[in-house]
Amino acid sequence: MRFTELNLDPRLQQAIAERGYTELTSVQELTLDKSLRGQDVAVQSQTGTGKTAAFLITLFSHLLKQTHGSKKKALIIVPTRELAVQIEGEARILNGPLGLQIGCFYGGVGYVAQLAQIKAGPDIIIGTPGRLLDLAEKKRLNFRECGFLVIDEADRLFDMGFLPDLRDIVRQMPDRADRQSMLFSATLNKLSRRVAQAYLNEAAFIEVTPEQLTVDTISQELYRVKSHIKLNFLLGLLKRRNPKNVLIFTNMKHTAFLLAKQLQANGLQAKFLSGDLRQSERLQTIEDFMAGRFPLLVATDVASRGLHIDDLEMVINYDIPQDCENYVHRIGRTARAGATGLAITLASEATSDHLEAIEKFIGMKVPEFPVTDDLFARDLSLEKLAGQRLERRRPSDRGGSSSGRRGGGAGRRPGGSRERTGSGSRTH
């Protein structure tokens, strides 16, 4: 089905055409069939299938139909700052011909710019739970004004301990019969379904390819390599394949930092991304990588969800994740929106125990390839970094690393920020 077949405002059709969207994906077709008619939906969809466009088009369509005297705002709740920024970017692109106001709110940064967005009167409010509640407590946001609700990456929200915050926000909104609500999750497990039943109004449950958790257009390769020579194999792999951009995942923050330094010492342009970088540094690193200013980004699972990187050629699991779902989310950073991609996993004695559970979860064996001597390359970092103290810089500003409101015994910081860092995973 083509977008031109949808009964949409001509301005929205123009925005969709300018964005380059032509054919609807499965999740878009199934979701929009219900949501454009005002029905609540709970959608299970794997990453990279176009769900963001599905709920944004729904919101824009309804907002454009509102009369001046009965205008309601839309609220999009997401688990991480990175995802909030990604959705904001997509929304602003579609908003080009429409003229609506968009606001994006998350912790780890000051309030001045965000208060200015509120003053402008946003039609669409995108935010993480802690900052949204902080702004509501300061009487800057009023959730009663929101007639549309999107809960994105619901499973991730729950994993990060945001369910109590979500309840607080929803309690302050109009009754579920008086708003349209949409929930999106990689898995509609028991908790996601209970939340959907509690907060959505007679929702249609939509499951897109629930048995096929990995995207068909992702080629997967597995190599068994000992830990002490894994870097040599990675260097050989990068030299042979020479990809234009690669997202390399590690399980630990220190591993990400060290691996980026080792790649740099071998003459490669690489940076690292983890949850305890300053917020400004994280956003700048993501922006530079997405713009192609450097080709190799080493990251913990803070980057496995919410990052939409157009034309990402390759994902490498330098460490196999402990969480099965994180494997799916990691490799789903490539092959987005119908493109093809490659996901390579290095299985060492330290993490290979996780492989069996992953293969059971995705319902297939990851194709294994032989490891031969010609696949390795010399590691120059042994000499170049010898004697250097390799320590990560800790954020020095109060806005760069905030503690959680709930979970792990973390209390509210001075100044009232509830916001977590963007990851929430214990493995990094």
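The values are calculated or read from the model by the stated rules, or taken from the named source; none is laboratory data. Quantities reported herein were computed from a predicted structural model and do not represent experimental measurements. Please note: Cβ atoms are built from the backbone with ideal geometry, for glycine as well, and neighbour counts cover all protein chains shown.
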Within the stretch 313-339, the residues that are at pLDDT 85 or above and either surrounded by 24 or more Cβ atoms within 10 Å (Cβ to Cβ) or in a strand (DSSP E or B) (or both) are M314, V315, I316, N317, D319, I320, P321, Y327, R330, I331
Of the candidates D134, D152, D178, D168, the one satisfying the condition of being in contact (Cβ under 8 Å) with a residue 24 or more places away in the chain, within 21 Å of the chain's Cα centre (by Cα) and in the same structural domain as L98 (by TED's automatic domain parsing) is D152
Residues in the stretch 266-285 that are of a type outside the set (D, E), modelled with pLDDT of 80 or more, surrounded by fewer than 18 Cβ atoms within 10 Å (Cβ to Cβ) and not in a loop (DSSP other than H, G, I, E, B) total 1
Of the residues in the stretch 141-157, those that are surrounded by 18 or more Cβ atoms within 10 Å (Cβ to Cβ) and of a type outside the set (G, A, S) come to L141, F143, C146, F148, L149, V150, I151, D152, E153, D155, R156, L157
Take F184 and decide whether it is part of a strand (DSSP E or B) and under 26 Å from L30 (Cα atoms). yes
Scanning the stretch 150-171 for residues that are of a type in the set (D, E) and assigned to a helix (DSSP H, G or I), the one farthest from T49 (Cα to Cα) turns out to be D168
Any chance L258 is out of contact with any strand residue (DSSP E or B) (no Cβ under 6 Å at 6 or more places or on another chain), on the phi < 0 side of the Ramachandran plot and in a helix (DSSP H, G or I): yes
The number of residues in the stretch 101-114 that are hydrophobic (A, V, I, L, M, F, W, C), buried (at least 19 other Cβ atoms within 10 Å of the Cβ) and at pLDDT below 95 is 1
Residue set L36, L59, L63; condition in the same structural domain as V150 (by TED's automatic domain parsing), of a type in the set (A, V, I, L, M), at pLDDT 95 or above and surrounded by fewer than 17 Cβ atoms within 10 Å (Cβ to Cβ); output residue L36
Taking first residues from the stretch 51-62 that are of a type in the set (D, E, K, R) and second residues anywhere that are at pLDDT 95 or above and in a helix (DSSP H, G or I), the pairs with Cβ under 9 Å that are 6 or more apart or on different chains are K51/T31
Considering the stretch 162-195, residues that are surrounded by 18 or more Cβ atoms within 10 Å (Cβ to Cβ) and of a type in the set (G, A, S), and then whichever is modelled with the lowest pLDDT, we arrive at A186
By residue number, the members of the stretch 51-75 that are part of a loop (DSSP other than H, G, I, E, B) and over 20 Å from C104 (Cβ atoms) are Q66, T67
Just one listed residue, out of L375, L355, L380, L342, is assigned by TED's automatic domain parsing to the domain that holds V298, modelled with pLDDT of 90 or more and closer than 19 Å to A256 by Cα, and it is L380
